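Participant: Structure in structure tokens, see below.
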Amino acid sequence: MNKKKILVTGGLGFIGSHTTVELFKAGYEVVIIDDLSNSQVFILDNIEKISGSKPSFYQLNMTDKKKLAEFFTKEKSIDSVIHFAAYKAVGESMQKPLKYFMNNLYSLINLLERMEVNDIKNIVFSSSATVYGEPDQLPVTENTPFKPALSAYGSTKQMGEDILQKVAATKVIDCISLRYFNPVGADSSALLGELPIGPPNNLMPFVTQAAAGIREQLVVFGNDYKTPDGTCIRDYIHVTDLAKAHVKSCDRLLNNEVQNNYEVFNIGTGNGISVLQIIEAFEKYNNIKLNYTIGKRRPGDAPEIYADVSRANKVLRWQTELGLKEMVTSAWEWQKKNNL
Ligand code: WQD
């Protein structure tokens, strides 16, 4: 029987590359679009080393309507799309909001237009916990109302979900939006991982670079929050567990199981972990002393957010399998192997 073909946009990125590996393992065929603005082409070979399969790869930015149309004349019979391609640096999005709105929204709109023209009916959308803003109730469920997004990046995810919901309501597509919490860690092979270009925005790559001596010192952004140890709490999830949620979503779409054309799932562990707990786990499980200091709060940080993941557990039949130990040890193995 012919393998189902999945288009993974942003497929050489952190989550896209891990998802591509899991798609191959699940028996899918994969084609990747990536503009290499936040990834590197050696990841393609590493995907092949891990999975024994090499995806077809097209380097293009999806705001280029002509190039995207050409892509779809070359790549026929795509069964589903997983759309990762977007800029994702929260801080940068506040300095250059227009860059984020143009890239993240225009890419999505061009993609949806091409899907309609080519009769491609299934899409998984890479959304984010940032759509919740600073929630009043915890853990957040999929019905927790959105608060104003704390960044332009978060706005593009709120708007992206709204665009998809309204297009899905016309029944031309079925869509599953996955709201990621904090993806961390790396494939057990240490051949894939976070590849921050320039100083990292996120905590884990900063921790591993500080441990590797690439960064002088890790700064903890504030310890005066109303949390048990004063530092912010997040729901950190291993990127491989997150990748597997995308495979489950493709299965669900291709089995025509999506209810009312549009479904949303929180993808986290359901556990809130503080910055200091991440540092403590990193030191303990990697037997390393981290050089860190307590600094000022970072504007826009929510004190605490973590997920209610019961819907994904029940409806997607997806569970996390990897814990904090695997998150911090796999991140360190990746850092050491690639000395980024
Ligand atoms: C986590 C915690 C920081 C760096 C964002 C996006 C989310 C996703 C992940 C894209 C916070 C603290 C961080 C440092 C620190 N992005 N921190 N020192 O902000 O929860 O989520 O990135 O997909 O959509 O919103 O993640 O890793 O930046 O921060 O103390 O050097 O670590 O204050 O409390 P965040 P983060």
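Participant: Please state the charge dipole magnitude for the range 140-203, taken about the Cα centre, from unit charges on C-beta atoms (+1 on K and R, -1 on D and E), reported in debye and rounded to the nearest 20.
Facilitator: So the magnitude is around 220 debye.
Participant: Let me ask another. Leaving out same-chain residues fewer than 8 places away, which lysines sit with a Cα under 21 Å from that of Lys3?
Facilitator: Straight-line reach from Lys3, under 21 Å: Lys25, Lys49, Lys54, Lys74, Lys76, Lys121, Lys244, Lys248.
Participant: Excluding ligands, DNA and RNA, what is the solvent-accessible area per residue of the range 266-340 at a probe of 1.4 Å, expressed in Å²?
Facilitator: 54 Å²
Participant: Give, as a single signed number, the net charge of other residues whose beta carbon lies under 14 Å from the beta carbon of Glu92, with Lys and Arg counted +1 and Asp and Glu -1.
Facilitator: Result for the local shell: +4.
Participant: I would also like to ask the following. Share of the chain's accessible area from carbon and sulfur, percent, 1.4 Å?
Facilitator: Percent of accessible area from carbon and sulfur atoms in the chain: 50.
Participant: Dipole magnitude of the range 289-340 about its Cα centre, charges +1 at Lys/Arg Cβ and -1 at Asp/Glu Cβ only, in debye to the nearest 20?
Facilitator: Magnitude of the dipole: close to 140 debye.
Participant: Further, regarding this structure: Taking R0 as 41 Å, what's the FRET efficiency between Lys25 and Ala169 from their Cβ-Cβ distance, rounded to 0.05?
Facilitator: 0.75
Participant: What FRET efficiency would be calculated for the residue pair Asp224, Gln40, taking the C-beta separation as r and a Förster radius of 30 Å, to the nearest 0.05?
Facilitator: Approximately 0.20, to the nearest 0.05.
Participant: List the DSSP H helices in the chain whose Cα atoms stretch 18 Å or more along the helix axis and whose mean Kyte-Doolittle hydropathy is at least 0.0.
Facilitator: Span-like helices here: 239-254.
Participant: Something else now. Along the charge dipole of the chain, pointing to its positive end and built from +1/-1 on Cβ of Lys, Arg, Asp and Glu, which listed residue (Val90, Leu192, Ile305) has its Cα farthest out?
Facilitator: Leu192
Participant: Rolling a 1.4 angstrom probe over the protein heavy atoms, how many square angstrom per residue are accessible across the range 110-206?
Facilitator: Accessible area per residue: 38 Å².
Participant: Sticking with this structure for a sec: If the cut-off is 27 Å between C-alpha atoms, which lysines fall inside it for Lys147, apart from same-chain ones fewer than 8 positions away?
Facilitator: Lys88, Lys96, Lys99, Lys157, Lys166, Lys226, Lys296, Lys314
Participant: Suppose every Lys and Arg Cβ carries +1 and every Asp and Glu Cβ carries -1, with no other charges. What dipole size does the range 213-325 come out with about its Cα centre, to the nearest 20 debye?
Facilitator: Once rounded to the nearest 20, the dipole reads 100 debye.
Participant: While we're on this one: At q = 0.12 Å⁻¹, what base-10 log of I(q)/I(0) does the Debye formula yield for the chain when every alpha carbon is treated as an equal point scatterer in vacuo?
Facilitator: -0.82
Participant: Asn143 to Ile109: extension gain in nm, 0.36 nm per residue of separation minus the Cα-Cα distance?
Facilitator: So the chain would gain 9.7 nm between Asn143 and Ile109.
Participant: What trypsin sites (Lys or Arg not before Pro) in the range 144-208 are in a loop by DSSP, with at most 10 other Cβ atoms within 10 Å of the Cβ?
Facilitator: Sparse-neighbourhood loop trypsin sites (Lys or Arg not before Pro): Lys171.
Participant: For labels at Lys3 and Leu98 in the simple 7 Å Cα→Cβ model, what's the distance in nm?
Facilitator: Here the answer is 4.3 nm between the modelled labels.
Participant: Projecting each Cα onto the charge dipole of the chain (Lys/Arg +1, Asp/Glu -1 at the beta carbon, about the Cα centre), which of Gln165, Thr73, Gln59 comes out farthest on the positive side?
Facilitator: Toward the positive end, the furthest listed residue is Thr73.
Participant: Then there's this: Once fully extended, how much extra length lies between Ile214 and Asn291, figured as 0.36 nm per residue of separation less the alpha-carbon to alpha-carbon distance?
Facilitator: 26.5 nm
The values are calculated or read from the model by the stated rules, or taken from the named source; none is laboratory data. This structure is a prediction, so every number in the text was calculated from the model and none was measured. Glycine gets a Cβ as well: all are built from the backbone with ideal geometry, and neighbour counts include every protein chain shown. Accessible surface is based on the protein model in full, side chains and every heavy atom, while ligands, DNA and RNA are left aside. Shrake-Rupley method; radii C 1.70, N 1.55, O 1.52, S 1.80 Å.
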